[in-house]
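I have placed the structure first, in the form of structure tokens, so that the comments after it can refer back to it.
Derivation of every value follows stated rules applied to the coordinates shown; laboratory data play no part. It should be emphasised that the depicted structure is a prediction, and the values quoted were computed from it without experimental measurement. Neighbour counts run over all protein chains shown; Cβ positions are idealised from the backbone, glycine included.
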């Protein structure tokens, strides 16, 4: 283990995002419609914050209402000189949308609270300090200066909701992928294959040369699309199933989006472990399973210990994943180098951990 220690002083004087919003003494608006904005309204109610209104990009506004609010136009909010605080209620990596978000910051105070992608959880500064010993242990696992800077910046963002902290650690996805050093004989397992986009990226990274590809996707519509998009590739096996800690069946949301996940109500779906399908070997595995990342890793213990595959895993679905997941992987197999990277995205989605066997 490295000797690097996480300094708590870096974060002690940072004002939490919800305190910034509650104490701003100006009208508060939410930018965006959808699940993210619904979560914000729920948390507004919890923290006693009044929402002045909801607005969206001009091309989305057609006179509709959202959660009882008439949706206003982006241009109208921006042209109104009244000082206000804007809360970001959705996520995007599109250049046009990111520039639009940055244009808000140039005129008004913008806060992007860090909330769970998969449930009603949110990042809490006090909770972070309660878990600080774990965060510090995960920090000590990180292999390079950029990883440690990313950890510090992501933490500062999660506390404050200030997007400048994210900009300070944005990395190019192509350079991130180069950490994996993929060769021409990879046995690749894609857990959370969605519609085949990450399989396509893998094929490009390997120049079309690989041993095999195995994809796991629980949503039926996404699975059909993934099957179509990979139909011209050789040595591809796809499972219409969820990645989990045991082979069973789960109730899965019927949403076809990226955030389809285990839910109380939904479609009964097969679930399997990586260990059950990687008996012949695995050299690289990707986890992006919408909040079930820890469960999927627990279903991979045998594979990770036996084969030490290269790993790329999402660590942003839940607020503290970015330090809890590295600790879990290290507990399973301590012989990895850990790299933390943040791709261009508002808020801090697409935070990924790359684990490379030593």
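I'd like the FRET efficiency for residue 12 and residue 76, computed as 1/(1 + (r/R0)^6) with the beta carbon distance as r and R0 of 45 Å, rounded to 0.05. The pair residue 12/residue 76 has a calculated efficiency of 0.70. At q = 0.08, 0.13, 0.15 Å⁻¹, what log₁₀ I(q)/I(0) does the chain have when each alpha carbon counts as one equal point scatterer in the Debye sum? After summing over all Cα pairs, the log10 values are -0.41, -1.07, -1.34. Of all beta bridges that DSSP places with both ends in the chain, some 40 percent have antiparallel geometry.
Helix-only estimate, please: 222 nm mean residue ellipticity of the chain, summing -39500 (n - 2.57) across DSSP H runs of length 4 or more and dividing by its residues, to the nearest 500. Provide the component values of the computation, followed by the final result.
Details: 16 runs with 130 residues, N = 358.
Result for the chain: -10000 deg cm²/dmol, rounded to the nearest 500.
Highest mean packing comes first when the peptides 71-79, 223-231 are listed by Cβ atoms within 10 Å, giving 223-231, 71-79.
Against the chain, whose longest principal axis is taken from its Cα atoms, helix 132-141 shows a tilt of about 50°. The stretch 312-358 and the stretch 12-86 have Cα centres separated by 31 Å.
Based on C-alpha pairs under 8 angstrom that are at least 6 apart in sequence, the stretch 79-153 has a relative contact order of 23 percent.
Taking 0.36 nm per residue of separation and subtracting the Cα-Cα distance, full extension of the segment from residue 328 to residue 149 would add 62.3 nm.
Rounded to the nearest 10 degrees, the angle from helix 145-160 to the longest Cα principal axis of the chain is 40 degrees. What shape does the stretch 16-113 have by the C-alpha gyration tensor, where a ≥ b ≥ c are the square roots of the eigenvalues, rounded means a/c under 1.5, and otherwise prolate means a/b greater than b/c and oblate the rest? Rounded, because the longest to shortest axis ratio a/c is under 1.5. Comparing 187, 57, 300 in a Gaussian network model of the chain (Cα springs below 10 Å), the most mobile by mean-square fluctuation is 57.
Of the residues 319, 27, 309, the one that moves most in a GNM of the chain with alpha-carbon contacts below 10 Å is 27.
Give me the angle, in degrees from 0 to 90, between the Cα long axis of helix 321-332 and the longest principal axis of the Cα atoms of the chain, rounded to the nearest 10. Tilt relative to the chain: about 20 degrees. Between 322, 210, 69, the GNM of the chain built on Cα springs shorter than 10 angstrom shows 69 fluctuating the most.
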